[in-house]
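Notes follow once the structure below has been shown.
Read the figures in this text as sums done on the coordinates, not as results from a lab. Please read these numbers as outputs of a predicted model, since none were measured by experiment. Cβ: placed from backbone, ideal geometry, glycine included. Neighbour counts: every protein chain shown.
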Amino acid sequence: MKFKPGVSIMGLRREMYFAMDQVNIAAAVLGPYEATVTSAVDGKHSPTSLHYDGRAIDIRTRDQAVGEVVMFLAAIREHLPDDYDVVDEGSHIHIEWQPKYAG
């Protein structure tokens, strides 16, 4: 896995390290693709973004064809439990850890 210059992982929760491991596995399954983290606890996001709490990362997709992104999304979702949201945001995949409590 690569990191865009300037990306900060200081304060990133351990659940997001697990997510990055699963992204690496998904990338390996799809072929010789090395994922790039474009944002973690850095960058500008909405005021309520989970990035600021260390519970979100963004993975670059702009260098992938649309069909590859669809397969990459599916592979990531397959490797992560339901407490993770995996969203295609156009130029990147946003992954956040947001536990769903049964209550």
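Since only 12, 79, 99 are under comparison, the one whose Cα sits farthest along the positive direction of the charge dipole of the chain, derived from C-beta charges on Lys, Arg, Asp and Glu, is 12.
Where the alpha-carbon atoms of the chain are placed on the principal axes, they occupy 36, 35, 22 Å, in descending order.
Take every pair of alpha-carbon atoms less than 8 Å apart whose residues are at least six positions apart; their mean separation over the length of the chain yields a relative contact order of 28 percent.
Placing +1 on the Cβ of every Lys and Arg and -1 on the Cβ of every Asp and Glu, with nothing else charged, gives the range 29-103 a dipole about its Cα centre of roughly 100 debye.
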